[in-house]
1. Starting from residues that are open to solvent by 10 Å² or more (accessible area, probe 1.4 Å) and in a helix (DSSP H, G or I), keep the ones in region B:33-48 and report whichever is nearest to the other protein chains (Cβ to nearest Cβ).
2. Take the conditions β-branched (Val, Ile, Thr) and at pLDDT below 90 and apply them to A:Ile50. Does it pass?
3. Take region A:13-44 and flag every residue that is polar (S, T, N, Q), loosely packed, with under 13 Cβ neighbours inside 10 Å and within 15 Å of the chain's Cα centre (by Cα).
4. So which residues in region A:49-96 are closer than 27 Å to A:Ala11 by Cβ, in a helix (DSSP H, G or I) and of a type in the set (Gly, Ala, Ser)?
5. Give me the residue from region B:148-206 that is among the aromatic types (Phe, Trp, Tyr) and at pLDDT 90 or above and, out of that set, farthest from the chain's Cα centre (by Cα).
6. Inside region B:73-82, can you point out the residues that are among the acidic types (Asp, Glu) and more than 9 Å from chain A (Cβ to nearest Cβ)?
7. Failed condition for B:Gly89, given (1) under 24 Å from B:Met217 (Cα atoms); (2) surrounded by 20 or more Cβ atoms within 10 Å (Cβ to Cβ); (3) not acidic (Asp, Glu), with all others met?
8. Select from region B:58-110 the residues that are among the β-branched types (Val, Ile, Thr) and in a loop (DSSP other than H, G, I, E, B) and list them in ascending order.
Amino acid sequence: MPIILRIVLIAITLVYILILIKAINKKNLQISFSVFWIVSGIILIVALAIPNLVEFVSHKLGFIAPSNMVFCLTIFIAFYLIFNMTIKLAEENKKNTAIIQELSILKKRVKKLEDEKEEKNGK
Amino acid sequence: MKTLLIIPAYNEEENILRVCKEIDKKRPDIDYVVINDGSKDKTLEILEKNNINHINLIHNLGIGGAVQTGYKYAYENNYDIAIQYDGDGQHDVSYVEKIIEPVRKGEANMCIGTRYLDKSSSEFQSTFMRRLGKNIISFIIRICCHKKITDPTSGFRAVDKEIIELFAKKYPTDYPEPESTVDVLKRKYKVVEVPVSMREREGGKSSINIFKSIDYMIKVSLAILIDSIKKV
């Protein structure tokens, strides 16, 4: 890989990590969620900084081209992430339903109590 | 025995008042609660104006979530029997007695009002497609649970205290009727069916069309298969 391209890619990755840290600081991102993204950034930097690392590993694993390994890995990770998100979504959905139900029942009870109190005071 | 009718209602401004008045007239001894599932029309106004016992869901949850709210209400208020009852006027309140009888006598934990058991008693036999769909679902339940349920999608059913508690804690939201029936069967509760007749909708529009029914069939079959291999 030409040195200029390497430097540009490292710079982009650094910016990415900066954005990440900012998001964590602003509390837009939970720490437990952000571990994955920080690790991904570090791996990217390492892969870019050490010349021929990706080539070496992909050759050892038997990939025809290094890019094949990179794409393969990326797709696997993406699938894993989407799957995880689907599970999270289902969990949140369930909690949400329970909250709506309980809140609506509570509202009804509060209204009933208020009405009873009003009636008592009226008499 | 304390008995509660759970009436889920979504955009039923044309029907809900008539349904409630009919219950008041024919069965004044039975309590009912209308669950307004985030209706966009005047359903809530009608409920409030006429002082009908209701719970207003702050967001639309769909039929499963709405009905479960009713079961939670029944559980909290110590009802012995809960009956699901449609808010669109399809169900006839005079059949309520028939449905709660097996549950009250302790002969069954759950009693489903079935449209297809007795041909002559029902003026509403619905279309060929619907019957076909019902037969397929019924067939799958028979394979999975070794029990024949003629009308697994019927929304007219009575359950006892144990099942009220079960449903209050866990109720499927995707395809509530067949899925919850499978759940109940898997827990070895006793389920019986009694023939009832249902009317065509008197007002408003049914939310089902052919593509939706095919979609429903496929997903419901899958859901039942998955439910039946799940551990209880």
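The values are calculated or read from the model by the stated rules, or taken from the named source; none is laboratory data. As the structure is a computational prediction, the values presented were derived from the model and not from experiment. Positions of Cβ are backbone-derived with ideal geometry, glycine not excepted, and every protein chain shown enters the neighbour counts. What goes into the accessible areas is simple: the full protein's heavy atoms, side chains included, and nothing from ligands, DNA or RNA. Shrake-Rupley method; radii C 1.70, N 1.55, O 1.52, S 1.80 Å.
1. Looking at residues that are open to solvent by 10 Å² or more (accessible area, probe 1.4 Å) and in a helix (DSSP H, G or I), I get B:Glu48.
2. Numbers: β-branched (Val, Ile, Thr): yes; at pLDDT below 90: yes.
Yes.
3. Here is the first cut: in region A:13-44, the ones polar (S, T, N, Q) are A:13, A:25, A:28, A:30, A:32, A:34, A:40.
Keeping just the survivors that are loosely packed, with under 13 Cβ neighbours inside 10 Å gives A:25, A:28, A:30, A:32.
Selection gives A:Asn28, A:Gln30, A:Ser32.
4. Across region A:49-96, the qualifying residues are A:Ala49, A:Ser58, A:Ser67, A:Ala78.
5. If we filter region B:148-206 for residues that are among the aromatic types (Phe, Trp, Tyr), which is where we start, we get B:156, B:167, B:171, B:175, B:189.
Within this subset, residues satisfying the condition of being at pLDDT 90 or above are B:156, B:167, B:171, B:189.
On the way: B:Phe156: 4, B:Phe167: 12, B:Tyr171: 12, B:Tyr189: 18 Å.
Among those that are among the aromatic types (Phe, Trp, Tyr) and at pLDDT 90 or above, it is B:Tyr189.
6. The initial filter retains those residues of region B:73-82 that are among the acidic types (Asp, Glu), namely B:76, B:80.
B:Asp80 - this is the single residue of region B:73-82 that is among the acidic types (Asp, Glu) and more than 9 Å from chain A (Cβ to nearest Cβ).
7. Failing condition for B:Gly89: (1).
8. Going through region B:58-110, the residues among the β-branched types (Val, Ile, Thr) turn out to be B:58, B:63, B:67, B:69, B:81, B:83, B:93, B:96, B:99-100, B:103.
Once the filter is applied, which keeps residues that are among the β-branched types (Val, Ile, Thr) and in a loop (DSSP other than H, G, I, E, B), region B:58-110 yields only B:Ile58.
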